[in-house]
Each structure stands twice: as C-alpha cells, then as structure tokens.
Amino acid sequence: MTSNALFLSLLSSLSLFSLSPFPFPLSDIPDQCSPSPCNPRGTVRCEDKKGDFLCHCFTGWTGVRCEKDVNECNKRNGGCDHECNNTMGSYHCSCRRGYMLVERKLCNDVDECQHPGMCGTARCVNQDGDYDCLCETGYVYDNNTKTCLDVDECEQGVCEECVNTPGSFRCFCDGRQGKKLSQDLRSCQVKSPHSHYQDLTCRKHPPFISPGFNQRFIIDKQHCTLDQGCSTIFLEIY
C-alpha cells in the first residue's frame, strides 16, 4: 500500500469516528429516568432520551422537571365569577356570601327568603347576595328574637309631652297647667286668657298622631266623648 492510500484509509477511519457522539454502544448509557429526576407530584412520566431526559407534566404543572405550579387564576381569573383560589397543580372557584357555586365557575344568588321563618314575624325581602327583614312603620326588627319591636318615639324627644302607642305616638299638653298644643302639634304654648274649648271634632290625623280610641276624655272639668268611627281627635282652641 502506498503512503497516499494509507493516509486516505486513516482519514476515513477518523471521519467515521467523529460522526458518532458516543465512542461506545447506546445500550451502555445508563437509563436517565432511573431514578427519575422529575417532580413526582407534577409528572405523568419520565422519558429516557439516551443521555438526557424529558419530563411529561400533568395539567397545572410546568418546568423542566415539572416542578413549577401553574397559577390558573392569573389568566382571566380562571374563568371564575367571583373568587379564584389557586392550589398546587390546580385551582377552584368560590362565591361570596349570599351566592352559591354552580357548574364549578358560576355564582348564582341565594334566595334566603325561601327558607321558612328566615325573618320570623317580619317581612323577608330578597336582595342580590343578601336579604332584608322589614317591619311596619313604628317598629324595628330584632335579630335575636326575629320579631318587630315597637319603637318608643317619645324617647327621641319628638314631643314636649308624649305618649307612646303601638307603632306610633301622641303629643299632648296639660291643660290644667294652662298649656295647649302649638300649631306644630308637637310643642306646648301658654293658652290665651280668652281661649275656650269647643267640642271634640273628627279629622284626618297627621302622620305623627296615632288613631284615637273610643273612650272618655276629661279636659278642664269638661266631659267630652270621642264618637265611634272617628280616626283621631283635635281640640279646637282659639
């Protein structure tokens, strides 16, 4: 063999050797997934790549080793109506008070008034995400007893002289002390020496005067009787 032929043969052998990344059979390379380098919590399986590995992740995990949680709430609130709660590898939706979760993501209003006795003796009115217990004018709702309690307006100083009644009140003045009810029907003023009484007459009562009762009144020794059918009384003084 000539020197040129020997050189070409040697060069060919070196070229073949350089084309192969491994100077030994691939079967001799250790399994890259044994033991697995992947995060077991986030990995479906580990794939041996003969000198490398590939971790296949569960939904909700990412990273070379499936070690990073995906925060689904960062993208459009996870599709939740109200609250999005991220967890490791997953998430879940929740609703604010007064709503219920439907179809895993939607929040529908809860009609609390459908529950018997929710407001006791008061009237229950459903609101969006809440409800109200309402009482008639002159009453206030008590959460402990679930009843409507009478408001004592007289404690609020609505009249100079006041008598509380169920759901309302009455203003009056003591005629024995020479006083009469002023035009505002709440305060008292001194009677004129020339004032005299007329018979009690029926009139439509103002909002702050409670309905009258079929009873006997004694005013400055003058006896007057309120007839049945009258809604309230006024004493004409002038």
If the requirement is being surrounded by 13 or more Cβ atoms within 10 Å (Cβ to Cβ), of a type in the set (A, V, I, L, M) and more than 30 Å from residue 180 (Cβ to Cβ), which of these qualifies: 64, 158? 64
Got a sec? Which of 52, 69 is surrounded by fewer than 17 Cβ atoms within 10 Å (Cβ to Cβ) and among the acidic types (Asp, Glu)? 52
Taking region 167-205 on its own, how many of its residues are modelled with pLDDT of 85 or more, exposed (fewer than 13 other Cβ atoms within 10 Å of the Cβ) and farther than 30 Å from residue 135 by Cβ? 2
Of the conditions (1) at pLDDT below 95; (2) in a strand (DSSP E or B), residue 159 clears all except one; give me its number. (2)
Collect the residues in region 138-179 that are in contact (Cβ under 8 Å) with a residue 40 or more places away in the chain and among the hydrophobic types (A, V, I, L, M, F, W, C), keeping them in residue-number order. 158, 169
Filter result for residue 79 (closer than 30 Å to residue 62 by Cα and small (Gly, Ala, Ser)): yes
Considering only region 73-103, how many residues are in contact (Cβ under 8 Å) with a residue 12 or more places away in the chain and either assigned to a loop (DSSP other than H, G, I, E, B) or in contact with a Phe, Trp or Tyr (Cβ under 7 Å, 6 or more places away or on another chain) (or both)? 13
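Please work out if residue 135 is free of Cβ contacts under 8 Å to residues at least 12 places away in the same chain and either surrounded by 13 or more Cβ atoms within 10 Å (Cβ to Cβ) or of a type in the set (Ser, Thr, Tyr) (or both). Break it down stepwise before answering.
Numbers: free of Cβ contacts under 8 Å to residues at least 12 places away in the same chain: no; either surrounded by 13 or more Cβ atoms within 10 Å (Cβ to Cβ) or of a type in the set (Ser, Thr, Tyr) (or both): yes.
No.
The values are calculated or read from the model by the stated rules, or taken from the named source; none is laboratory data. Predicted model only: the values in this text are computed from it and were never measured. Using ideal geometry, Cβ is built from the backbone for each residue, glycine included, and neighbour counts are taken over all protein chains shown.
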